[in-house]
Amino acid sequence: MTQHSAHSAFDRGVALSRMAEEDFDLLVIGGGITGAGVALDAASRGLRTALVERGDFAAGTSSKSSKLVHGGLRYLQQREFALVYENLAERQRLLENAPHLVSVLPFLIPLFGRDGVLNKSVAKAYSTALWLYDLTGGVRIGRRHRRISREEALAHLPTLRADLLSAGFLYFDARADDARLTLGVVRTAVLDHGAVAANHAGVTGLRREASGRVREACLADGTEVRAAAFVNATGVWTDQVMALAEGARQETIRPAKGVHLTVRRDRLPCDIAAVIPVLKDRRSVFVVPWGDAVYLGTTDTDYDGPIDEPCCTPEDVAYILDAMNTFTTSALTVDDVVGTWAGLRPLVRSADSERTADLSRRHKLIRSASGVITITGGKLTTYRKMAADTVDEVVRDLGRGARRSRTKHLQLRGAAGTNELRRPDAADRLGTDPATLAHLVDRYGSEARTLLAMVQADPDLGRPLAPGLPYLRAEVVHATRYEMATTLEDVLARRTRALLLDRNASVAAAPDAANLMAPELGWSKAEIRDQVESFLRLAAREGAAAGLPAAGLLA
């Protein structure tokens, strides 16, 4: 498919027109990673599939996770062996099907003891868990865990408290930019398998026929979408959509909040990820390098606030910084925090558990009286399996479509040709520098060639979007032209991750980014100004909610 035809196929206006005119086998409500996975699985089985998302693709939890593709080492403590096995099998499939978006990530588990004396019982517990992790499927990644010395641990994370550190373990998992992965799944469904998808297209009503089954969805812009089957994949908004279908409020979801902070890497130097214990509540903080930044985060705090815009609070910031300062000499303060994000995980309620940390990460299918199939629970790593199980149910219901999922070995768009672009001579052959090519390949795979062609046609697009950010100006145009970005927030929060990596740098980039988007979307000067002001308010709101000092353009 040419880039011109790709633009037409992945165009919001075209998608909404088709939704109004055509009848579909399946309408998927929710454009996070789960809904995207369902759309791809269904379309690849031959079902006429449409997907709608109220906000932007991945705008909720699917852009605000820990960005880890992992088995869940701590799930072994809950004796969820089958779940860990499934997670690790899906991790391996993602490494194979999306090598441009998912990569192996080494993890350090530092072992601490009083005056540097090793606590043998703690070391034995970790050793046992890591052997189980390898045996359950962790070793599929091609490496197994190993014990490392105190000096090796310090080489990886030099500011660890040397007076407390005694040794460490090294094990291996994987990582992904969650928003880019979600977008990649949606684009693969649309461009390679004929699905139709639209963002900023919220469902405001579901109409039932005489039999009681839902047959039509009403969108916020007045579009009416007809389908034979409906899947609710809306995460923490699951109960709201179920209420539209059933006419009564449901209570199936118990949100768990995850919070993350970004600091500059020179304040917490590390070359691999790490797991830092929190002594007071036996939880952990992940430390994950991301370019010139490092993000710190924790998950599974019970949450009962508004679900539309969860925020990182001053208490969240203090919790993470206190945990880090207990075991490192970095002496991090709120002044070091350059980005924050908070997401809500849609855990399935259980009468048997009071803590969200104890709830199972297994996904659950719910079939309502109206025929709507709800998929909830689960995690980023297992989205493909969740989608396959969901579409199995749809196929049984409709009596058409391939009976078996085809996504186990289905590569995402951009995967084919990625290895060729990672060869040592690739940058010279393509007339660019190795660092630029590596950055683009890690985000676009073989589609990096399109961005390089854009830069060759207009070298000004090859300039950085803003100092301190890794993104090129060409990426803004590409996001608008080929990735259905329709707002400045879409570009700076999800197509790029500028807002997460450096709040003030993203604000500095906002005017230029809006001007780059304007010709693609036909924005007037007033619309450009409105987009910039809206993004500045978002950035200021997030910073203020976390109790961070305003700086630069946010002051």
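The values are calculated or read from the model by the stated rules, or taken from the named source; none is laboratory data. Remember, predicted model here, so these are calculated numbers, not experimental data. Counting neighbours? That spans all protein chains shown, and the Cβs are built from the backbone with ideal geometry, glycine included.
Observations on the model:
- Residue match in region 20-29 (condition: among the small types (Gly, Ala, Ser) and surrounded by fewer than 24 Cβ atoms within 10 Å (Cβ to Cβ)): yes
- Elements of type helices (runs of 4 or more DSSP H) in region 115-206, at least 1 residues being free of Cβ contacts under 8 Å to residues at least 12 places away in the same chain and not assigned by TED's automatic domain parsing to the domain that holds Arg497: 120-136, 150-156
- Flag for Gly547 being assigned to a loop (DSSP other than H, G, I, E, B) and closer than 19 Å to Val263 by Cβ: yes
- Residue pairs meeting the criteria (Cβ under 7 Å; at least 6 apart or on separate chains; first assigned to a helix (DSSP H, G or I), in region 406-418; second modelled with pLDDT of 95 or more): Thr418/Pro99; Thr418/His100; Thr418/Val441; Thr418/Gly445; Thr418/Ser446
- Assessment of region 209-227 against the conditions (within 25 Å of the chain's Cα centre (by Cα) and either free of Cβ contacts under 8 Å to residues at least 24 places away in the same chain or closer than 20 Å to Ala331 by Cα (or both)) yields no matching residue.
- If you go through region 427-437 and pick out every residue that is over 30 Å from Asp266 (Cα atoms), assigned to a helix (DSSP H, G or I) and in contact with a helix residue (DSSP H, G or I) (Cβ under 9 Å, 6 or more places away or on another chain), you end up with 2.
- Selected residue (only one of Leu279, Leu206, Leu244, Leu219 is more than 24 Å from Leu111 (Cα to Cα) and modelled with pLDDT under 95): Leu244
- Here Met19 passes the criteria (1) hydrophobic (A, V, I, L, M, F, W, C); (2) in contact with a helix residue (DSSP H, G or I) (Cβ under 9 Å, 6 or more places away or on another chain); (3) in the same structural domain as Arg213 (by TED's automatic domain parsing) except the one numbered (2).
- Check on Leu183, under 16 Å from the mean Cα position of the chain (by Cα) and aliphatic (A, V, I, L, M): yes
- Criterion: under 20 Å from Gln411 (Cα atoms), buried (at least 21 other Cβ atoms within 10 Å of the Cβ) and either out of contact with any strand residue (DSSP E or B) (no Cβ under 6 Å at 6 or more places or on another chain) or free of Cβ contacts under 8 Å to residues at least 12 places away in the same chain (or both) - qualifying residue of Asp41, Asp56: Asp41
- The one condition in (1) within 18 Å of the chain's Cα centre (by Cα); (2) without any contact (Cβ under 8 Å) to a residue 12 or more places away in the chain that Ala82 fails to fulfil: (1)
- Output for region 150-178, where each listed residue is of a type in the set (S, T, N, Q) and either over 27 Å from Asp322 (Cα atoms) or modelled with pLDDT under 95 (or both): Ser166
- Screening Val477 on (1) outside any helix (DSSP H, G or I); (2) surrounded by 16 or more Cβ atoms within 10 Å (Cβ to Cβ) shows it passes everything except condition (1).
- Taken together, the residues in region 521-535 that are of a type in the set (Phe, Trp, Tyr) and either under 12 Å from Val476 (Cβ atoms) or assigned to a helix (DSSP H, G or I) (or both) amount to 1.
- Filtered residues of region 480-520 (kept if under 23 Å from Ala457 (Cβ atoms), assigned to a helix (DSSP H, G or I) and either in contact with a Lys or Arg (Cβ under 6 Å, 6 or more places away or on another chain) or touching a residue at least 40 places away in the same chain (Cβ under 8 Å) (or both)): Thr480, Arg481, Tyr482, Arg495, Ala509, Asp512, Ala513, Leu516, Met517, Glu520
- Among the candidates Thr301, Thr262, Thr313, residue that is more than 24 Å from Gly72 (Cβ to Cβ) and either surrounded by 22 or more Cβ atoms within 10 Å (Cβ to Cβ) or polar (S, T, N, Q) (or both): Thr313
- Only listed residue being within 28 Å of the chain's Cα centre (by Cα), of a type outside the set (Phe, Trp, Tyr) and in a loop (DSSP other than H, G, I, E, B), chosen from Leu451, Leu440, Leu461, Leu469: Leu469
- Filtered residue count, region 405-421, keeping only those that are under 20 Å from Ala438 (Cα atoms), over 19 Å from the mean Cα position of the chain (by Cα) and surrounded by 20 or more Cβ atoms within 10 Å (Cβ to Cβ): 2
- There is at least one residue in region 262-273 that is more than 16 Å from Asn325 (Cα to Cα) and either assigned to a loop (DSSP other than H, G, I, E, B) or assigned by TED's automatic domain parsing to the domain that holds Gly378 (or both).
- Output for region 420-436, where each listed residue is of a type outside the set (D, E, K, R) and closer than 16 Å to Arg463 by Cβ: Thr432, Ala435, Thr436
- Positions within region 45-71 being among the small types (Gly, Ala, Ser) and assigned to a strand (DSSP E or B), in sequence order: Ala50
- Residue within region 491-508 that is surrounded by fewer than 17 Cβ atoms within 10 Å (Cβ to Cβ), more than 22 Å from Arg54 (Cα to Cα) and either of a type outside the set (A, V, I, L, M) or assigned by TED's automatic domain parsing to the domain that holds Ala293 (or both) present: no
- For region 131-141, the condition of being surrounded by fewer than 16 Cβ atoms within 10 Å (Cβ to Cβ), over 28 Å from the mean Cα position of the chain (by Cα), farther than 28 Å from Asp271 by Cα and not β-branched (Val, Ile, Thr) holds for none of the residues.
- Test for Phe24: is it within 22 Å of the chain's Cα centre (by Cα), modelled with pLDDT of 95 or more and aromatic (Phe, Trp, Tyr): no
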